[in-house]
Ligand code: HSE
């Protein structure tokens, strides 16, 4: 028996919306138009020139053209951001339409509300495309760890920052120089704040934490540090010491509490994640039975995001997700979060200091008095004229709070010229 064609509404016709429309209507490669009909597309600006043949698809700037159309069964939302996306998604769900979205911000901030609305209106909300592009991480966390307790997740989940860090490392150029180029090439947005300051990563981390631990996470409480202050010298020295630098997003369960953090970190070069370069993402999930599992692939881009969106559409069409969603609780459990002060890590620090007798002893005394043990010291770039030297110090493990106390004292050292960098080292 021939399947009934699914009528869908599409909200947003930017890069991802255009790709989805192109794939569905491309008769030669996919033939999805036999199964799916894009009935209506809602866009912000109707007057914008678009190079599409829309045939019977209606283009509108009024969301009611989707909401009031009883023939539309499913809506794909790809506008991004919290507002008006929350309003659109909730109204679609309430009017009996299933929703598939790529929107990590709305899912991180208000996903639980939206999932509750979906449950109450017997509709489905699927969001595989919101984290890791085409990497099937959401479906895996929902389905494939039932036998496990998850201890932690650690990930590179932002393609833009990984692209910038990879190029800084390979080319020895500054953050600004690579960012400018990345913007020209379309790898970074005109306003790159969301990516480079780590907001995109905390949204994705909150979604993964909800699925892995059933924890409702307040975004503002996640420790967040972006990549804008990393200097290119750090890549050279980190490399010499056997590390690469990545923007890490991590959640770890410690004594029934969670520590969530997003910040740049040094990763030992022999660890797979240290070699995940350019726009690639990697998500490492630690199950108590599976041990660490690594999911790697293109985490952003029109094709890979469309892959996740289409898979969600097909799951809804196949009726698979009805039974799956029944298994998926709407998690509201409140875990208390551990403050970053209590994070334990090794540290990399670089300072410029007067190159004279006793300076190293005074620096190591501060660290020693705070119970911080030094692992390695490198003296670099001695400037004979200025009588300055650069010191790169790797410590053993210390608590963040104690390390920051020691840094305050180092900053007061009489012989200090500049305090250049402090980076954490990931433990494996
Ligand atoms: N700006 C995001 C990234 C896009 O760079 O990963 C996908 O969420």
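Observations
- Matching entry among 176, 167 (being modelled with pLDDT of 95 or more, over 15 Å from the mean Cα position of the chain (by Cα), away from the ligand (no atom under 15 Å from the Cβ) and within 21 Å of residue 277 (Cα to Cα)): 176
- Residue match in region 80-91 (condition: under 19 Å from residue 16 (Cα atoms), within 16 Å of the ligand (Cβ to nearest atom) and at pLDDT below 95): yes
- Verdict on residue 309 being within 16 Å of the ligand (Cβ to nearest atom) and under 13 Å from the mean Cα position of the chain (by Cα): no
- Filter result for residue 114 (touching a helix residue (DSSP H, G or I) at 6+ places or on another chain (Cβ under 9 Å), under 21 Å from residue 261 (Cα atoms), more than 16 Å from the ligand (Cβ to nearest atom) and not in a strand (DSSP E or B)): no
- The lone criterion from (1) in contact (Cβ under 8 Å) with a residue 60 or more places away in the chain; (2) buried (at least 24 other Cβ atoms within 10 Å of the Cβ) left unmet by residue 147 is number (2).
- When residues of region 184-204 are limited to those that are in a helix (DSSP H, G or I) and loosely packed, with under 13 Cβ neighbours inside 10 Å, the one modelled with the lowest pLDDT: 185
- Region 362-375: number of residues that are surrounded by fewer than 12 Cβ atoms within 10 Å (Cβ to Cβ) and more than 16 Å from residue 409 (Cα to Cα): 0
- Complete set of residues in region 398-414 that are surrounded by 15 or more Cβ atoms within 10 Å (Cβ to Cβ) and not in a helix (DSSP H, G or I): 398, 399, 413
- Residue 127 without any contact (Cβ under 8 Å) to a residue 60 or more places away in the chain and either touching a helix residue (DSSP H, G or I) at 6+ places or on another chain (Cβ under 7 Å) or over 18 Å from residue 41 (Cα atoms) (or both): no
- Some residue of region 222-234 being buried (at least 24 other Cβ atoms within 10 Å of the Cβ), assigned to a strand (DSSP E or B), within 16 Å of the ligand (Cβ to nearest atom) and in contact (Cβ under 8 Å) with a residue 12 or more places away in the chain: no
- Selection status of residue 214, in contact with a strand residue (DSSP E or B) (Cβ under 7 Å, 6 or more places away or on another chain) and either within 16 Å of the ligand (Cβ to nearest atom) or modelled with pLDDT under 95 (or both): yes
- Selection from region 120-134 of residues that are more than 9 Å from the ligand (Cβ to nearest atom) and either under 17 Å from the mean Cα position of the chain (by Cα) or assigned to a helix (DSSP H, G or I) (or both): 120, 127, 128, 134
- Positions within region 58-72 being crowded, with 16+ Cβ neighbours inside 10 Å and either modelled with pLDDT under 95 or in a helix (DSSP H, G or I) (or both), in sequence order: 65, 66, 67
- Lone qualifier among 173, 165, 208 - being touching a helix residue (DSSP H, G or I) at 6+ places or on another chain (Cβ under 9 Å) and assigned to a loop (DSSP other than H, G, I, E, B): 173
- Conditions (1) more than 27 Å from residue 345 (Cα to Cα); (2) part of a loop (DSSP other than H, G, I, E, B); number of the one not met by residue 312: (2)
- Within region 238-253, the presence of at least one residue that is surrounded by 22 or more Cβ atoms within 10 Å (Cβ to Cβ), touching a helix residue (DSSP H, G or I) at 6+ places or on another chain (Cβ under 9 Å) and in a helix (DSSP H, G or I) is confirmed.
- Residue within region 135-157 that is within 12 Å of the ligand (Cβ to nearest atom), farther than 18 Å from residue 298 by Cβ and in a helix (DSSP H, G or I) present: no
The values are calculated or read from the model by the stated rules, or taken from the named source; none is laboratory data. Bear in mind that the values here come from a model prediction, so they are computed numbers and not experimental data. Cβ atoms come from the backbone with ideal geometry, glycine included; neighbour counts cover every protein chain shown.
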